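A short write-up of the structure that comes next.
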Amino acid sequence: MSFQPYHTVTSQSEFEITIKRSVFRAFLVPVQTKQQAQEFLDSIRKEYWDAVHHCFAYRLGPYGLESRMSDDGEPSGTAGKPLLFALQRAKLSDCMVVVVRYYGGVKLGVGPLARAYAEAGQGAIDVCKPVFVEPRIKLTVHCLYDDVSVITRLLEEVGAEFEATYGDAISFDVNIAEAHREFLQQEIISRTNSRAGYSKVSTE
């Protein structure tokens, strides 16, 4: 799978609205694992123990393939889904939005309630400072001395970070944007007539 660039957040942002005396306070925070998400949710529940609901949504990974949401007792689909949709619309991942609600004594109805959660979550997103993330991959490229200049030019061409180790042959430890991986692998073989090769190490 080719991982495309995406956006995330590096610091917490907050937003609060009051609708018919109900207070909705939203928190948007960076999380990279389910455990981190659970720990933040637990901290919010502890700090805002007197709120009637602690609803949330999160997305993890480059595509936000791993996601979860909760209405926490609100009518089905009125809290978790609007919050998750707000993250998806903003193309944010590796982050979590939690909204705590203090009930003001007036029932909002399903539609207005969903809009309230959506507005609270979007408010926290609007005041955050998203950062661009470009997934990278580590490769080891092996070549003969005769092909060093060819491989070096190719690595520079794709904007790779690399370091060479010299022995009977040459090994390059390469860090490259995942989006350029396929091109690099094809060109290594093509430009050296298959004399050079590569092995995948890991994805960041």
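The values are calculated or read from the model by the stated rules, or taken from the named source; none is laboratory data. Predicted model only: the values in this text are computed from it and were never measured. Reconstructed Cβ throughout: ideal geometry from the backbone, glycine too, with neighbour counts over all protein chains shown.
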Which residues, taken from segment 103-133, are aromatic (Phe, Trp, Tyr), farther than 22 Å from Ile176 by Cβ and not in a helix (DSSP H, G or I)?
-> Tyr103
Which numbered condition trips up Asp126, out of (1) without any contact (Cβ under 8 Å) to a residue 40 or more places away in the chain; (2) among the acidic types (Asp, Glu); (3) surrounded by fewer than 17 Cβ atoms within 10 Å (Cβ to Cβ)?
-> (1)
In segment 11-33, residues that are under 14 Å from the mean Cα position of the chain (by Cα) and surrounded by fewer than 13 Cβ atoms within 10 Å (Cβ to Cβ) total 2
Report, by residue number, each residue of segment 134-157 that is crowded, with 16+ Cβ neighbours inside 10 Å, under 29 Å from the mean Cα position of the chain (by Cα) and not in a helix (DSSP H, G or I).
-> Pro135, Arg136, Ile137, Leu139, Val141
Would you confirm whether any residue within segment 106-115 is outside the structural domain of Ser43 (by TED's automatic domain parsing), farther than 20 Å from Gly64 by Cα and exposed (fewer than 14 other Cβ atoms within 10 Å of the Cβ)?
-> no
